[in-house]
Every structure is written in C-alpha cells, then in structure tokens.
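Beneath this line is the structure, given in structure tokens, with notes to follow.
The values are calculated or read from the model by the stated rules, or taken from the named source; none is laboratory data. Note that the structure is predicted; figures quoted are calculated from it, not measured. Don't worry about glycine lacking a Cβ; one is built from the backbone with ideal geometry, like all the others, and counts go over all protein chains shown.
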Amino acid sequence: MRWKKPLVRPPVVRTRLAWRDLLPESLNSLTVRPGRTVMTMLGTLLGVGAFVVVLGLTGMAAAQITGTFSVLRATEVTVDDVGPASLDGTLASFPADADQVVGSLRGVTAAGVSWPLPGGPADVTTTLDPRVMPRQLGVYAASPGYLEALGAHTSSGTLFNRFDQARETRVAVLGKDAAAQLGVTSAALRPTVFLHGASYTVVGIIDDVKRQAGALSAVFIPDTTARAAHGQPSSTGAAAMLVATELGAADQVARQLPVALRPDRPELLRVNPPRTDRAVEESVFAALNPVFFSLSALTLLIGGVGIANTTLVAVVERTGEIGLRRALGARPRDVYVQFLAEAILVGTLGGLVGTALAVAAILCVALLLQWTAILDPAVTLTAPLIGTVTGALAGLYPAIRAARVPPLEALHR
Amino acid sequence: MPVIQTQGLAKVHAGPPRVRALGPVDLTVWAGEYLAVLGPSGSGKSTLLSLLGLLDVPSGGDYLLGGVDTGGLAERERTALRGRRIGFVFQDFQLLKHYTASENAALGLLYTRARASQRLSAAQAALDRVGLGAKADALASTLSGGEQQRVAIARALVGEPSILLCDEPTGNLDSATASAVLDQIDELHAQGVTVIVITHDQATAARAERRVILRDGRLFPEASP
C-alpha cells in the first residue's frame with residue numbers, strides 16, 4: 001500500500017558556519033599545513049616586498065639625487081632674451097657690459113652671456129686642406145664670465161679672458177668631445193681650427209663643467225670676436241645669460257636681474273629661477289617608477305597565480321575533507337567562504353611579512369650606502385592590503401571549485 | 001514511529017551507459033531500531049547509504065526522513081536536515097589527521113552555530129560516551145584504528161542525531177577492534193539511537209535486530225533466497 005506524504009513540511013533548523021568561527025577554522029586549516037602555507041605565501045610575499053622595496057629605494061634614490069644636485073640647482077639662474085628683433089633680425093637686449101653689471105650684484109659669483117652662431121652647427125676643421133672632411137660642431141659666442149659660470153675646468157691650456165674679449169682675439173676653447181672629433185688632444189702647441197675659412201687659435205680644452213654638460217661638445221669663441229665676425233645674436237639664435245650665485249641667493253638675484261640689466265625695459269628679458277627639489281624628485285620618480293612598478297606588478301601577478309594554483313591543488317587534495325564537512329552540515333557557501341578566507345589570510349600574511357622584510361631591506365641598503373632611509377607610511381601601511389586583495393582574487397576560483405564538491409565525496413575519500 | 005520511509009526510491013546514472021544503481025527500494029526504519037543492510041560489492045549499498053544520508057539526490061521515488069518529505073527540498077534544506085538528523089560513521093573514519101580527537105568530534109557541531117566552548121564540552125561528553133575521554137587532546141593521527149573509529153562515532157553522536165548511519169564501520173579494523181567498535185554501537189542502540197549499518201560482513205550484520213539484503217539494487221528480507 002502506498003503511504004501518504006505529509007502535506008505540511010516540518011521546519012528544519014538551518015545549518016551554517018558562524019562568522020565568529022570562520023577565522024579560527026581558516027587559521028587552523030593553515031597552521032596544520034605550515035609548509036604548504038609558507039610556500040603559498042611566498043609569491044605574495046615577494047610581490048608585496050618588491051613593491052615596497054621599489055617605492056622605498058626609488059624614494060631614497062630620488063632624495064639622494066636631488067640632494068646631490070640641489071646645491072648646483074639652487075645656485076643657477078638663466079636669463080633669456082625675449083625682446084623684439086630689429087629690422088635686420090638681430091636681437092640684442094643684453095647690454096654690452098652685462099657680465100659686469102650682473103657680476104656686481106650681491107650673491108653673484110659669475111655671470112656671462114652666450115649665443116649660438118647663426119646658421120646652426122658649423123663646419124670646423126683643423127686644416128684648410130679641402131680633402132679633409134670638416135666636422136659639424138655647435139659654435140657659440142661666449143663671454144669669459146659665461147665659461148666661469150659654467151664652472152669649466154680645462155685639461156689643457158686656459159679659458160679665454162677679458163683681455164681676449166677686449167681685443168677681439170681670434171681664439172677658441174674646445175669642449176673635450178669637440179676636441180676629440182677634431183683630433184685635438186692638447187692646447188699646449190696652440191693648434192688652429194678653421195671656422196668659415198677664418199682661423200682661431202685653440203687656447204684651451206674643457207674636460208669638465210659643473211653645469212650644462214652640452215658645453216663639452218661645443219666650440220666657444222669670445223663674444224666680441226663673434227660680433228665682429230658674425231654680427232649680433234639673432235632671433236634664431238638668441239643670447240642667454242648664465243648666472244652662478246652663492247647658495248641661497250638665487251631667488252633674490254633672479255628678482256633683481258631684469259631691472260639690473262635693463263632698467264629701461266626689464267620686460268625684454270625672461271628670468272628662469274632655479275628648479276625646485278619637488279620638480280626634480282617628480283622627474284626621477286616619473287623615470288624610474290613605471291619600470292619598477294611593472295616589475296612588482298608582474299611579481300604580484302605571479303604570486304597571485306601561485307596562490308590560485310596551490311589553493312586549487314589543496315581543493316583537490318582536500319576533496320574528502322570538503323565532502324565530510326558537507327556531510328556534517330556545511331553549505332556550499334560555508335565551504336566557499338572558508339577557502340576564500342584561507343586564501344585571503346595567506347595573501348595578508350604574505351603582505352605583512354613581505355612588507356616587514358622590505359622595510360628591513362630598505363634600512364640595510366640605507367645603512368650600507370649611508371643614505372637617508374625614507375619610508376612613506378601610506379605605502380608601508382597599505383602594502384599588506386595589496387596581499388589581501390591578491391589573496392582574495394587568487395582564491396576566488398579555487399573557492400568556487402571547493403563549493404561545488406558534493407557531500408557524496410565523503411564516501412569516496 | 002518510522003524515522004525513515006522510502007517508496008520506490010531509485011538511483012539511475014544517466015551515463016552513457018545508463019546504469020540503474022539502486023531500486024526501486026521500499027524501506028521503513030522505526031525509531032530505535034537497529035537495521036543491517038547486507039550485500040556484496042556492487043549491490044548498491046553505498047548508493048542506498050548516500051540516498052538515505054541525503055548525500056545524493058534520488059532519480060525517483062519518495063523519501064521521508066523523520067516525517068520530512070525530502071523530495072524537492074532545496075540544497076540548503078537537505079544540508080540542514082542531514083546535519084541535524086543524521087550522524088555518519090564511515091569505513092575509513094574520515095578524521096582530520098592534524099586535528100585533535102576533541103576537535104574532530106566537535107566538527108559535527110561546527111555548522112550548528114554553537115559556541116566553541118559548547119562544542120568542545122559536547123565533544124568531550126561524546127568522547128566520554130565512547131570511552132575516549134582521556135584522549136581528547138591527542139592528535140587523530142596518533143590514535144589506533146579502533147580509537148579513530150570511536151572518535152568518528154563520537155563525532156556522529158555529538159549533535160544528538162536521530163539516526164546513526166554506518167558505512168562498513170569495521171571494514172578497516174582487525175577482528176578484536178571491530179568487536180569493540182560494534183559493542184560501542186550496540187551500547188548506543190541500547191541508549192535509544194536508531195542505527196543503520198551497511199555492510200558486507202555477516203558478523204557485523206549479526207549484531208542488528210533486523211537484517212535486509214541488497215542484491216542488484218533491490219532490497220530483500222534476510223530470509224529471501
């Protein structure tokens with residue numbers, strides 16, 4: 001006889017894993033397999049550690065670089081001629097005695113004017129023999145004060161001076177790269193270079209400058225000589241003044257310069273004050289960070305894939321356990337949450353340990369190189385969260401797989 | 001009062017090939033009864049256990065568990081019914097090796113929202129009940145086979161289920177240990193627990209009040225040929 005099914009379904013008290021039990025249960029699952037947990041953690045540890053180290057080291061390097069250059073930067077002002085060109089195209093807003101006027105300002109250590117000769121890079125040779133190919137070099141007119149403001153150092157001979165300027169002598173000073181191109185190794189025998197068919201005696205070779213490294217591949221002739229032979233600066237090759245100041249005087253000098261040089265029309269000159277530390281730091285970060293961020297992101301990705309793989313293997317290995325938990329009343333959601341929590345814990349632990357090791361590494365580097373250790377609290381405090389997020393993302397798929405294990409697997413262990 | 005009633009209960013694996021693993025099976029188990037289901041390998045014992053234990057979904061037939069019609073229940077309701085009403089004892093114990101005996105026994109209550117302290121005291125009581133109270137803090141991996149099976153019984157009992165479902169409970173034990181475990185099950189039955197043992201072993205089945213035989217997926221009274 002067929003029995004009658006009840007019409008009313010008796011209530012069934014639901015089962016679920018309480019939130020307060022989730023953390024202890026997940027921690028327990030991790031601590032009973034310490035080797036596996038450590039190996040799983042390693043990927044995130046390296047990724048987060050690399051991230052913190054990269055930020056820390058670039059920060060320190062930027063500070064170190066800016067610290068090294070800040071003295072030079074803080075003592076350099078440039079002035080551009082932005083006045084209107086005359087009818088013949090010349091541009092001569094700087095007065096003839098600009099070096100002396102600016103040199104008399106308090107805080108200025110050297111100042112001078114320079115401009116490129118018209119026509120761009122010129123053919124320069126050491127002989128008039130037509131069979132010898134000339135070299136294309138940048139030739140500049142410069143006052144003696146300009147070479148002084150450059151902080152030029154000669155390996156051979158001397159720089160031209162006010163005497164050469166006053167007498168419009170046909171002398172030249174070569175940057176070491178320009179000298180190498182021309183095959184000039186020494187100024188001791190006063191070699192000659194030819195420029196537009198005119199000869200110039202080489203009086204010195206510059207082997208180092210404190211500012212404007214491009215000067216090492218240029219040829220300099222006195223400004224008065226250049227005016228006599230090639231005319232005034234033009235709108236296509238305007239004059240600019242380089243001013244070296246004492247430390248801390250640059251801003252004050254920058255304010256005084258236009259009026260000191262052209263009290264009648266200061267607007268003809270544009271003063272460029274020293275760049276700030278912040279700007280240089282930002283430029284260093286901009287150059288370094290994309291590269292290192294990409295590397296640490298790649299490491300994090302590898303770490304995430306590592307967590308995903310190991311967790312997936314753990315799901316397969318723990319199929320019997322999952323089946324048992326399901327048989328004992330765990331809902332698919334409980335299994336999902338537990339496996340996700342385990343992955344998140346592994347990621348967070350990796351993030352914490354990685355951050356701690358990275359901080360230690362940064363301190364060691366700072367100690368070894370005698371640098372100032374710089375740790376951004378925002379980075380140090382949030383870095384472990386990157387591990388958490390990595391763990392969560394990496395644990396999603398394995399957790400879904402775990403939740404799909406049927407309770408029947410308890411019988412098939 | 002029946003705690004289990006099945007009518008036409010069947011399981012067919014869709015395949016291919018299509019295989020009828022069980023049924024149709026009509027079975028009634030009364031509260032406090034000790035039933036043994038005997039059968040050779042491949043007779044459908046494990047399939048019957050998985051259906052009675054709500055570990056799997058039948059292909060056909062009706063199943064009332066403690067008066068609840070299990071047909072059409074949502075997965076979470078089946079899970080709840082399984083967790084609250086049925087205690088499982090598996091052939092290979094299914095203990096978590098790195099957990100202590102107490103933690104293993106308490107696992108049966110993990111999903112009931114009981115507090116940890118309540119779970120552990122209930123686990124201790126269950127271990128005392130199977131005579132393993134002194135080994136509550138021992139790791140499962142350090143226990144003998146018989147002790148592990150007693151921990152598994154304690155885990156099955158800890159939630160006070162109405163049915164104890166045993167799958168070859170002595171299959172992995174030597175005869176002396178097997179006898180001790182069966183004594184334990186006898187004792188629980190004497191205390192009023194409904195016991196269903198699924199086994200191929202005559203000696204194990206001999207302890208039951210009633211025996212049925214499963215052959216080619218069909219259930220027969222013991223006396224049938």
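For residues that are β-branched (Val, Ile, Thr) and at pLDDT below 90, scanning just the range A:364-391, find the one that is surrounded by the most Cβ atoms within 10 Å (Cβ to Cβ). Give the steps one after another, and end with the answer.
Restricting attention to the range A:364-391, the residues satisfying the condition of being β-branched (Val, Ile, Thr) are A:365, A:372, A:374, A:379-380, A:382, A:386, A:388-390.
Next, only the ones that are at pLDDT below 90 stay: A:365, A:372, A:374, A:379-380, A:382, A:386, A:390.
Values: A:Val365: 16, A:Thr372: 11, A:Ile374: 17, A:Val379: 17, A:Thr380: 17, A:Thr382: 13, A:Ile386: 25, A:Thr390: 29.
This residue is A:Thr390.
Tally time: how many residues in the range A:135-174 are buried (at least 24 other Cβ atoms within 10 Å of the Cβ), among the hydrophobic types (A, V, I, L, M, F, W, C) and assigned to a helix (DSSP H, G or I)?
Qualifying residue count, the range A:135-174: 3.
Please tell me if A:Gly204 is within 23 Å of A:Asp99 (Cβ to Cβ), in a loop (DSSP other than H, G, I, E, B) and small (Gly, Ala, Ser).
Numbers: within 23 Å of A:Asp99 (Cβ to Cβ): yes; in a loop (DSSP other than H, G, I, E, B): no; small (Gly, Ala, Ser): yes.
Against the criterion (within 23 Å of A:Asp99 (Cβ to Cβ), in a loop (DSSP other than H, G, I, E, B) and small (Gly, Ala, Ser)), A:Gly204 does not qualify.
Mind checking which residues of the range B:16-33 are away from chain A (no Cβ under 12 Å) and of a type in the set (D, E, K, R)?
B:Arg18, B:Arg20, B:Glu33, listed by residue number.
Could you tell me which numbered condition B:Ser46 fails, if it satisfies all but one of (1) crowded, with 19+ Cβ neighbours inside 10 Å; (2) within 8 Å of chain A (Cβ to nearest Cβ); (3) touching a strand residue (DSSP E or B) at 6+ places or on another chain (Cβ under 6 Å)?
Here B:Ser46 clears every test but (3).
Note down all Cβ pairs under 9 Å where the first residue falls in the range B:204-216 and is under 10 Å from B:Lys45 (Cα atoms), the second is part of a strand (DSSP E or B) and among the aromatic types (Phe, Trp, Tyr), and they're at least six residues apart or on different chains.
B:Ile213/B:Phe220; B:Leu214/B:Phe220
Among (1) assigned to a helix (DSSP H, G or I); (2) modelled with pLDDT under 90; (3) small (Gly, Ala, Ser), there is one condition B:Ser117 misses while meeting the rest; what is its number?
(2)
Going through A:Thr37, A:Thr15 one at a time, which residue ends up being buried (at least 17 other Cβ atoms within 10 Å of the Cβ), modelled with pLDDT of 85 or more, within 14 Å of chain B (Cβ to nearest Cβ) and touching a helix residue (DSSP H, G or I) at 6+ places or on another chain (Cβ under 7 Å)? It would help to see each step written out before you state the result.
Details: A:Thr15 fails: modelled with pLDDT of 85 or more.
None of the other options fit; the residue is A:Thr37.
Conditions: (1) touching a Lys or Arg at 6+ places or on another chain (Cβ under 8 Å); (2) under 23 Å from A:Leu328 (Cβ atoms). B:Ala136 meets all but one. Number of the miss?
Going through the list (1) touching a Lys or Arg at 6+ places or on another chain (Cβ under 8 Å); (2) under 23 Å from A:Leu328 (Cβ atoms), B:Ala136 breaks only (1).
Scan the range B:52-81 residue by residue and report those that are within 11 Å of chain A (Cβ to nearest Cβ), farther than 21 Å from B:Tyr111 by Cα and under 18 Å from the mean Cα position of the chain (by Cα).
Within the range B:52-81, B:Val57, B:Tyr63, B:Leu64 meet the criteria.
Looking only at the range A:76-92, which residues are modelled with pLDDT of 85 or more and of a type in the set (Ser, Thr, Tyr)?
A:Thr78
Go over the candidates A:Arg326, A:Arg401 one by one and state the one that is of a type in the set (Lys, Arg) and surrounded by 22 or more Cβ atoms within 10 Å (Cβ to Cβ). Please lay out each step first, then the result.
Working: A:Arg401 fails: surrounded by 22 or more Cβ atoms within 10 Å (Cβ to Cβ).
Unique residue meeting the criteria: A:Arg326.
Do you know which of the residues in the range B:82-100 that are touching a residue at least 60 places away in the same chain (Cβ under 8 Å) and either facing another protein chain (nearest Cβ under 7 Å) or over 19 Å from the mean Cα position of the chain (by Cα) (or both) is surrounded by the most Cβ atoms within 10 Å (Cβ to Cβ)?
This residue is B:Gly83.
Out of the residues in the range B:1-15 that are in a loop (DSSP other than H, G, I, E, B) and either in contact with a helix residue (DSSP H, G or I) (Cβ under 6 Å, 6 or more places away or on another chain) or within 18 Å of B:Gly42 (Cα to Cα) (or both), state the one that is nearest to the other protein chains (Cβ to nearest Cβ). Outline the logic, then answer.
First, the residues of the range B:1-15 that are in a loop (DSSP other than H, G, I, E, B): B:1, B:14-15.
Next, only the ones that are either in contact with a helix residue (DSSP H, G or I) (Cβ under 6 Å, 6 or more places away or on another chain) or within 18 Å of B:Gly42 (Cα to Cα) (or both) stay: B:14-15.
Values: B:Ala14: 15, B:Gly15: 17 Å.
By that ranking, first place goes to B:Ala14.
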